[in-house]
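Here's the structure, in structure tokens; my notes come after.
The numbers here are math on the coordinates, done by the rules we state, and not lab data. Every value quoted in this text rests on a predicted model; they were computed, and no experiment measured them. FYI the Cβ positions are ideal-geometry reconstructions off the backbone, even for glycines, and counts take in every protein chain you see.
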Amino acid sequence: MLGMLMAALDQTIVATALPTIVADLGDAGHQSWVVTSYLLASTIITALAGRLGDLFGRKQVFQAAIVCFVVGSALCGIAQSMVMLVGARALQGLGGGAITVTATALIGEVIPLRDRGRYQGALGAVFGVTTVIGPLLGGYFTDHLSWRWAFYVNVPISVIVFFVAAAAIPSLAARTKPIIDYTGIVFVGLGATGLTLATSWGGTTYPWESATIIGLFVGSAVALGLFVRTESRVDAPILPTRLFGSPVFSVCCVLSFVVGFAMLGALTFLPTYMQFVDGVSATTSGLRTLPMVAGMLSTSMGSGVLVGRTGRYKIFPIAGTAVMAVAFLLLSRMNPSTSALLQSLYLFILGAGIGLCMQVLVLIVQNTSSFEDLGVATSGVTFFRTIGSSFGAAIFGSLFTNFLRGRIGPAIAAS
């Protein structure tokens, strides 16, 4: 739980600290890379961590990820330049992504089936809640201590997690002699890198129709196509293509993409909407997202308990996607006269929908996959959620920019 807390927190904790970081270190041109480098490294390792756990043992991979994360956090805290910070964030992202996948897979490996829903629900609640409150904590550290404490805080927690993991996690031996698919690693790395950069840069650093963005999308498609071809031919693939022969796995991957899209897309731009339209401060806009936390917490924990008691889980992703659709319909109808109470209600509904889906999808994949495929199946569904997060932030950002561009001129003229 603590490992997941740290990994999820560091996805968003720097959001409110970025202006202060730039003022301190300079080099504003690399500002976006403080976020992008973490996301990029995390996306790549997400696709690999499940197979690495199968090959070398999940306890060993989890502890290695903790070491990587704590070293990256310490380097972020002592960074004296933006380039050093970006590099340290990438190292931190490698650790954080591996922690997320391995912690989720560990539950499937060591927790009995009847209790798995409860634990996955708790893990999902931790992930969702810390993702939302990250900007609040980042703002608090920046205002009252230093932006560096947004990274230093990870060091003592990581040390505790490492030694607790050493004592508490059973050391299960790897089932086969390690065979590493290096070609698959290269192709999935190239594909994930291209998609992440294209969605991060599109509409901001470069226009969507620019040769750079189009080239990144085309290059990613080619790399992922070669990845699929490679995986169908090697003995120990990173992500076996046979998994996609299961309709259950394929649907869960699609829905995980939707969950990631909805969660990070909303979290990225709803606070901005509140600041621009309602005229509230950054801290207040962050506080107004807390109802989303409450919704996520209640349904993620509740769905996990119900799955554990009944053994039935089909209804939860169906209900969750329907609730998310209703929430986005309500959010799309907000205007300057929408009260804070209604905004809170809409965000609670959105959080409830996300909570119903997020970890139940992982649970479904784990319960319907063979034990040998537990790690790679968990990696697969988590990888699609991460890619969905990238697309959500990019597409919401593009819509926001285009809408603002069309409205800001008339609004200024009218004022």
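Would you kindly calculate the translational diffusion coefficient of the stretch 46-107, applying Stokes-Einstein with the Kirkwood radius from alpha carbon pairs, for 20 °C and a viscosity of 1.002 mPa s, and quote it in µm² s⁻¹ without decimals?
183
For 337, 146, what's the fewest-to-most ordering of other Cβ within 10 Å of each Cβ?
If I rank by nearby Cβ atoms, fewest first, I get 337, 146.
Order by neighbour count: 45, 21, 160, fewest other Cβ atoms within 10 Å first, most last.
160, 21, 45
How do 10, 54, 235 rank when sorted from fewest to most other Cβ atoms within 10 Å of their own Cβ?
Exposure proxy ranking, most exposed first: 235, 54, 10.
Quick check: pseudo-label points 7 Å beyond the Cα along Cα→Cβ at residue 143 and residue 183, how many nm apart are they?
Result for the modelled spin labels: 5.5 nm.
How would you classify the stretch 200-353 from its alpha-carbon gyration tensor, with a ≥ b ≥ c the square roots of the eigenvalues: rounded for a/c under 1.5, else prolate if a/b is greater than b/c, otherwise oblate?
It comes out oblate by the Cα gyration axes.
Could you check the spin-label model distance between residue 84 and residue 232? Points 7 Å from the Cα along Cα→Cβ, value in nm.
Label-label distance for residue 84 and residue 232, simple model: 4.9 nm.
How far apart, in nanometres, would the label points at residue 222 and residue 167 be if each is projected 7 angstrom from Cα along the Cα-to-Cβ direction?
Rounded to a tenth, the inter-label distance reads 5.4 nm.
Provide the gained length on full extension for the span residue 250 to residue 345, in nm with one decimal, where the gain is 0.36 nm per separating residue minus the Cα-Cα distance.
31.0 nm
Using a Förster radius of 22 Å, what is the FRET efficiency between residue 368 and residue 241 based on their Cβ-Cβ separation? Nearest 0.05, please. Walk me through the numbers before you get to the answer.
On the way: r = 17 Å, r/R0 = 0.76.
My answer for the efficiency is 0.85.
Residue by residue through the stretch 212-223, what is 3J(HN,Hα) from phi via Karplus (6.51 cos²θ - 1.76 cosθ + 1.60, θ = phi - 60°)? Round to whole Hz and write x for glycine and proline.
4, 5, 4, x, 5, 5, 5, x, 5, 4, 5, 4
So, in Å, what gap is there between the alpha-carbon centers of the stretch 54-75 and the stretch 224-247?
The stretch 54-75 and the stretch 224-247 have Cα centres separated by 26 Å.
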